[in-house]
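A quick write-up on the structure given underneath.
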Amino acid sequence: YVLAASQKIKESKHWEADVEVDFFHAKSGANRVGTGVFKGKTLIYSDLNHIVLRILPKYASEAGENAILVSSHIDTVSAGEGAGDCSSCVAVMLELARVMSQWAHEFKNAVIFLFNTGEEEGLNGAHSFVTQHPWSTTIRVAVDLEAMGIGGRSALFQAGPNLWAVENFAAVAKYPSGQIIGQDLFASGVFETATDFQVYTEVAGLSGLDFAYTDKSAVYHTKNDRLDLLKPGSLQHLGENMLDFLLQTASSTSIPKGNAVEEEGKTVHETGVYFDILGKYMVLYHQHFANMLHNSVILQSLLIWTASLVMGGYPAAVSLALTCLSAILMLVLSISFSVVIAFILPQISSSPVPYVASPWLTVGLFAAPAFLGALTGQHLGYIVLKAYLANQYSKGMQLSPVHQAALVKLEAERWLFKSGFLQWLILLALGNYYKIGSTYMALVWLVPPAFAYGFLEATLTPVRLTRPLKLATLLLGLAVPVLVSAGNIIRLANVLVATLVRFDRNPGGTPEWLGNVIFAVVIAVVSCLTLVYLLSYVHLSGINL
């Protein structure tokens with residue numbers, strides 16, 4: 001079918017475009033990649049057939065010297081119909097090729113569409129192409145289209161090492177979707193899977209982009225990967241973004257010739273941070289800028305904390321230690337409450353993961369206990385901190401018991417709010433040290449709340465008494481973090497829920513509760529990190545002095 005469709009595209013092309021269709025037979029070869037699920041394995045293949053379609057302007061032969069590869073695989077696992085993985089991508093590629101064949105007369109670079117086989121057996125199709133096909137030497141940028149689910153937005157989850165491709169994508173994509181957190185998780189091995197993009201970067205030394213659908217990941221590689229579950233809007237989303245990208249890059253005169261840049265006589269790999277906001281805008285900046293930004297924020301935060309502790313003396317240091325205790329209690333109890341449910345669930349349910357069909361059930365099953373545990377832990381820390389502050393106030397200002405009790409509460413509330421600054425500062429420092437791209441999340445959860453606090457709360461009353469926290473501080477401080485990260489958290493939760501279905505590749509090899517426990521811990525940690533500012537408002541006394 002793909003071969004016939006490709007031939008039809010060739011027949012209906014623009015008269016100033018050149019379309020070549022190659023039914024390529026790959027000979028035997030050995031494939032070995034250094035990362036992912038196939039790490040450490042040598043895979044032997046033979047007699048693979050691929051369809052390769054190249055589009056370039058007829059009267060600009062030099063365009064064939066530089067090509068952009070768009071790749072996906074025709075084959076699927078024997079257990080599934082393969083509607084999502086990866087017929088959806090093949091369909092988009094065919095339509096893209098048809099459109100590009102009408103506009104190729106304006107191109108400066110060729111576009112190659114690779115419909116390969118042998119991907120499911122170990123990325124053998126991509127390997128055989130880059131090592132055996134004569135056109136592979138002309139490729140400068142590789143784009144891989146994948147599916148780890150069926151439907152939803154096709155999100156960019158791997159990019160680089162050269163940032164040229166992602167810069168062009170961010171500049172022109174109509175509905176940009178991509179998060180570097182996906183790249184970090186994929187590189188860490190959390191998800192035991194692999195894509196052809198690994199071959200293009202590791203074996204061919206190319207830079208590029210890797211996209212994937214992730215909605216309904218529970219049907220991935222199962223018999224439920226059916227056409228009736230595939231939404232046309234998902235294909236349209238990927239198609240429109242890729243069309244904008246290909247038109248931009250195929251007409252560019254600045255296509256990179258490699259995957260590295262020169263810096264002070266040394267060859268280095270570019271890295272960057274990218275993320276979308278509500279699927280409308282994509283933010284992209286280089287890792288070098290990220291390092292400077294992070295270092296600046298870390299240094300300023302340390303100076304502010306040092307000045308605060310020096311001015312506050314020993315009581316401020318003890319109060320800071322007690323807020324750290326509060327944060328630890330939040331984490332411990334939140335995890336404990338959520339994990340208890342994870343252990344109980346397989347005992348009372350016919351399925352160890354009953355929430356797969358309705359992921360929102362996880363809010364009640366895991367998020368609610370995590371919230372209750374976090375609230376309990378913070379309240380215990382609040383009681384200890386309040387007791388210490390009451391003792392300090394009794395030695396200082398001469399106030400009535402009512403006013404002293406009110407001041408103690410207000411001071412404790414402020415320390416609990418500021419504990420969020422400290423925990424996100426620690427995460428920012430760790431992420432910056434290890435050059436983790438997702439560290440931008442710590443930045444957006446630290447800077448806006450700190451700015452709001454300094455802008456609205458730092459001014460003391462004329463008699464230098466503590467005032468209640470303002471609601472505006474919370475709203476102003478959390479607006480940006482919630483806007484930037486809410487979508488990430490929801491998408492991550494959906495992917496993790498679906499991943500639990502495939503957590504045990506050999507049924508019976510691991511306890512039924514293990515997947516639930518991992519998910520419960522993730523929910524608890526995320527809850528503690530993101531709710532620390534909000535929970536500090538639970539104790540607000542509302543007393544005005």
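The values are calculated or read from the model by the stated rules, or taken from the named source; none is laboratory data. Everything numeric here is computed off the predicted structure, so don't read it as measured data. Every residue, glycine as well, gets a Cβ built from its backbone with ideal geometry; the counts of neighbours run over all protein chains shown. Remember, those area values only see protein heavy atoms, side chains included, never the ligands or the DNA or RNA. Shrake-Rupley method; radii C 1.70, N 1.55, O 1.52, S 1.80 Å.
See the values below:
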quantity: Equivalent ellipsoid dimensions for the range 1-60 as semi-axes, Å, which come from the Cα gyration tensor, largest first; calculated: 34, 14, 10
quantity: Ile139 long-range amide H proximity, modeled H, under 5 Å; calculated: Ala67
quantity: Among Pro176, Thr138, Gly125 the positive-end extreme of the charge dipole of the range 116-239 (Cβ point charges); calculated: Pro176
quantity: For the range 481-496, Karplus couplings with θ = phi - 60° (6.51, -1.76, 1.60), whole Hz, Gly/Pro x; calculated: x, 5, 4, 7, 9, 4, x, 4, 5, 5, 5, 5, 4, 4, 5, 5
quantity: ³J(HN,Hα) computed for each position of the range 226-238 - Karplus, 6.51 cos²θ - 1.76 cosθ + 1.60, integer Hz, glycine/proline x; calculated: 10, 5, 5, 8, 7, 9, x, x, 5, 5, 5, 4, 5
quantity: For the chain, size of Cβ-based charge dipole, Lys and Arg +1, Asp and Glu -1, in debye; calculated: 1920
quantity: Point-to-point label distance, Ser351-Leu456, nm (Cα→Cβ direction, 7 Å offset); calculated: 4.3
quantity: Degrees between helix 440-456 axis and first principal axis of the chain (Cα, 0 to 90, nearest 10); calculated: 40
quantity: Nonlocal amide H pairs with Val70, under 5 Å, H built at 1.01 Å; calculated: Ile112, Phe113, Leu114, Val143
quantity: Over 19 Å (Cα to Cα) - which of Lys10/Lys58; Lys41/Lys435; Lys257/Lys435; Lys386/Lys418; Lys409/Lys470 fall in this group; calculated: Lys41/Lys435; Lys257/Lys435
quantity: Per-residue HN-Hα couplings for the range 45-50 [Karplus 6.51, -1.76, 1.60; θ = phi - 60°; Hz; x = Gly/Pro]; calculated: 9, 7, 6, 9, 10, 10
quantity: Virtual spin-label span in nm between Val310 and Leu361, 7 Å along Cα→Cβ; calculated: 5.7
quantity: Per-pair calculated FRET efficiency, R0 = 22 Å: Ala317 and His403 via Cβ, rounded to 0.05; calculated: 0.30
quantity: Average accessible surface area per residue within the chain, 1.4 Å rolling probe, Å²; calculated: 45
quantity: Contact order normalised by residue count of the chain, Cα under 8 Å, 6+ apart, percent; calculated: 14
quantity: Equivalent ellipsoid semi-axes, the chain, via Cα gyration tensor eigenvalues times 5, rooted, Å; calculated: 52, 27, 19
quantity: Global geometry of the range 10-150, whether rounded, prolate or oblate, following the gyration tensor of its Cα atoms and the 1.5 cut on a/c; calculated: prolate
quantity: Relative contact order (percent, whole number), the range 289-538, Cα cutoff 8 Å, 6+ residue spacing; calculated: 30
quantity: For the range 294-318 and the range 59-125, distance of Cα centres in Å; calculated: 55
quantity: Chain lengthening between Thr35 and Ile383 when straightened (0.36 nm per residue, less Cα-Cα); calculated: 120.4 nm
quantity: C-alpha long axis of helix 89-103 to longest principal axis of the chain, angle in °; calculated: 60
quantity: Calculated FRET value between Glu106 and Glu11, using beta carbons and R₀ = 22 Å, to 0.05; calculated: 0.60
quantity: Per-q log10 I(q)/I(0), the range 289-538, q = 0.10, 0.13 Å⁻¹ (Debye; single scatterer per alpha-carbon; no solvent); calculated: -0.57, -0.88
quantity: Carbon and sulfur %, accessible surface of the chain computed with the full protein complex present, 1.4 Å; calculated: 63
quantity: Acute angle (nearest 10 degrees) that the helix 287-348 long axis makes with the longest principal axis of the chain, alpha-carbon atoms; calculated: 80
quantity: Sequence-separation-based contact order of the range 1-140, relative, with Cα cut under 8 Å and 6+ spacing, percent; calculated: 32
quantity: Inter-probe distance in nm under a simple model that places probes 7 Å from Cα toward Cβ, at Asp228 and Leu430; calculated: 4.7
quantity: Loop-exposed GluC sites (Glu not before Pro) per DSSP, neighbour cap 14 Cβ within 10 angstrom, longest uninterrupted part of the chain; calculated: 265-545
quantity: Within the range 1-40, chymotrypsin sites (Phe, Trp or Tyr not before Pro) in DSSP loop having at most 10 other beta-carbon neighbours inside 10 Å; calculated: Tyr1, Trp15
quantity: Amide H contacts under 5 Å for Asp18, placed H, 5+ residues apart; calculated: Leu56, Lys58
